[in-house]
Structure formats: structure tokens, C-alpha cells
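Peer 1: Take this structure, written in C-alpha cells, and hold onto it; I'll ask about it next.
The values are calculated or read from the model by the stated rules, or taken from the named source; none is laboratory data. Since the structure is predicted, the reported quantities are computational estimates derived from the model, not experimental observations. Cβ placement follows ideal geometry from the backbone for every residue including glycine, while neighbour counts extend to all protein chains displayed.
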Amino acid sequence: MTTKIKATNIWKKFNNLEVLKGIDLEVNEGEVVAVIGPSGGGKSTLLRCLNKLETIDKGSITIDGEELCRETSGGTEYVKNNDVRRIACKMGMVFQQFNLFPHMTVLENLIEAPVNVQKRDKAEVIKEAEVLLAKVGLSDKRDVYPRKLSGGQQQRVSIARALCMNPKILFFDEPTSALDPELTSEILKVIKDLAAEHITMVIVTHEMTFARDISDHIIFMDKGLIAVEGSPKEVFESEHARMKEFLGKFHQG
Ligand code: ADP
Ligand code: MG
């Protein structure tokens, strides 16, 4: 089995706030990992450090077999800028707030990075983008601007946009938190279909049933540490006090 993400002893602080306190994580090819836990625990920061939207202070990260940074006695050392950029291109990210380019049509949103960052052939990328739009059920929205779309549609565009980079790993940061329940289920279905295709994914979510059904491995993060991890069964049956308290909040509703 190929390891797609290997992170060892990663530390990150903002000013004096220690947000990640020595995280170890390994994700294999085709695996779906759900990250759960209370707000402020460092889930988004972990994702952003793995996909190089943030740099870490200490530790090592290897992505798709390539070293992104290596732990040193003083902290960490990143590889050369060109290599960092190339490795970062292997990872796609879907955000809670969609983050589409408002001044571009749906199709333009999809092809922007593949054409301008990855320097791929435009006609070829357009063909691929059209296939992806069909896959998320939005072929008819190809030439529409994001503001004309519902939140669920915008999020489906943003998933198609991430896929258009042909990523080796896809990260989702609370992809349904900005959506009402009806639109949430349409997004969860798209993500489930991707899981069935064995795309490697790391998903931060507050949808506990979804996390349990979709993931091979669940990580419960609390205060910058992985407090509990394992199979969905192991994690949901864990006797860990903070974990039970956290899950209890979901069962009341
Ligand atoms: P989660 O996603 O689990 O809610 P975050 O990773 O967003 O947690 O945040 C963890 C902590 O780091 C919080 O206290 C948050 O305020 C802080 N934090 C996150 N990003 C920044 C930043 N860019 N600058 C300063 N503090 C930050
Ligand atoms: Mg977050």
C-alpha cells in the first residue's frame, strides 16, 4: 500500500498560541480519513499545514512519496520553492465558504488553475472540466456566475474545481457547515461517490453519521493533539472522556 501523507511530529503556533502540538498522521492511498473534534482544536490548521497553505514550525511532512519538509534540530526545513509548488499542486482543497472566484463563470473557475498554474492545454482542460461538471450534476451551469447558484451548487462547483487539478489528495474543511440540511445531503452524496472511486481524502466534518459511514479512519482532535483515533467503530465506542462529551452533544439534537 502506498502512503500518500506521512506527517511526523508537526508543531505549529500562531504568535504564542501553540495550535498543533506534535501531530503524527499517516494516510494511505485510497483511504478516507475524517477529522472531528471541538472548535478551536486545530483541525483547519492541520489541513492547512498538510497542504502547504501554512508552514509548520517543526516536524516532517511527506506527500505522495515526496518530502515537503524535514525535521531539523531547530524545527523544520522545507524543500526548494519549485518543489514545494509542485508538491502543493498534488493537493486539492474544498473550503466551508466555497471560495469561488466571483468574477469568473463556473467553467472559468474550473480551468483557471489547471491552465494558469499547471500550464496544461486549455482545450484539453475544458473537456475534462465538462466531464467533471456532468459528474456533479451541473452541466447546465457551465457559463453561469457563482452568485446565480445555490450554496449547494456552489460547493459542487468547488469540488469539481478541486478535481480539475487531478489531485492525488483531496482535503475538505467542513464542506457542509455553511449549508442547510437539504443541501448538505447533496454534497455528502458527491463526496460519497468520490470515496467509492478510492480518491484519497481527508475530511474535517461535524456530520458524525457521515464520518462514521464514509471513513476508514477517524481522528478526534482536541487542543492541538490527536486524542483518539482508529476505525469508526473504535472511535465511536471509545471511553475517552472528552470524546464522549463531544459526541454526546450530537446525540441530544
Ligand atoms: P478548528 O478548525 O479545529 O476549529 P483552527 O485550526 O481553526 O481550529 O484553530 C485553532 C486555533 O488556532 C484557534 O484558537 C484559532 O483561533 C487559532 N488560529 C487559527 N488560525 C490562526 C491564524 N491565522 N492566526 C492566529 N490564530 C489562528
Ligand atoms: Mg476549522
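Peer 1: Answer yes or no as to whether residue 126 is touching a Cys at 6+ places or on another chain (Cβ under 8 Å) and modelled with pLDDT of 95 or more.
Peer 2: no
Peer 1: Sort out which residues of region 171-188 are away from ligand 2 (no atom under 12 Å from the Cβ) and among the charged types (D, E, K, R), and write them in order of number.
Peer 2: Once the filter is applied, which keeps residues that are away from ligand 2 (no atom under 12 Å from the Cβ) and among the charged types (D, E, K, R), region 171-188 yields 180, 182, 186.
Peer 1: Which residue out of 100, 53 is surrounded by 17 or more Cβ atoms within 10 Å (Cβ to Cβ), of a type in the set (A, V, I, L, M) and assigned to a loop (DSSP other than H, G, I, E, B)?
Peer 2: 100
Peer 1: I've got another one for you. Restricted to region 200-237, and to residues that are basic (Lys, Arg) and away from ligand 1 (no atom under 16 Å from the Cβ), which residue is surrounded by the most Cβ atoms within 10 Å (Cβ to Cβ)?
Peer 2: Here the residue is 212.
Peer 1: With the checklist (1) over 17 Å from residue 173 (Cβ atoms); (2) part of a strand (DSSP E or B) in hand, flag the one item residue 203 doesn't pass.
Peer 2: Checking residue 203 against (1) over 17 Å from residue 173 (Cβ atoms); (2) part of a strand (DSSP E or B), the one that fails is (1).
Peer 1: Could you grab me the full set of residues in region 19-37 that are loosely packed, with under 15 Cβ neighbours inside 10 Å and either over 15 Å from the mean Cα position of the chain (by Cα) or of a type outside the set (D, E, K, R) (or both)?
Peer 2: Across region 19-37, the qualifying residues are 22, 24.
Peer 1: Let me ask something else about it. Please tell me if residue 176 is within 16 Å of ligand 1 (Cβ to nearest atom), closer than 21 Å to residue 92 by Cβ and crowded, with 18+ Cβ neighbours inside 10 Å.
Peer 2: Yes.
Peer 1: Let me ask something else. So, of the residues in region 113-139 that are among the small types (Gly, Ala, Ser) and within 21 Å of residue 99 (Cβ to Cβ), which turns out to be surrounded by the most Cβ atoms within 10 Å (Cβ to Cβ)?
Peer 2: Here the answer is 129.
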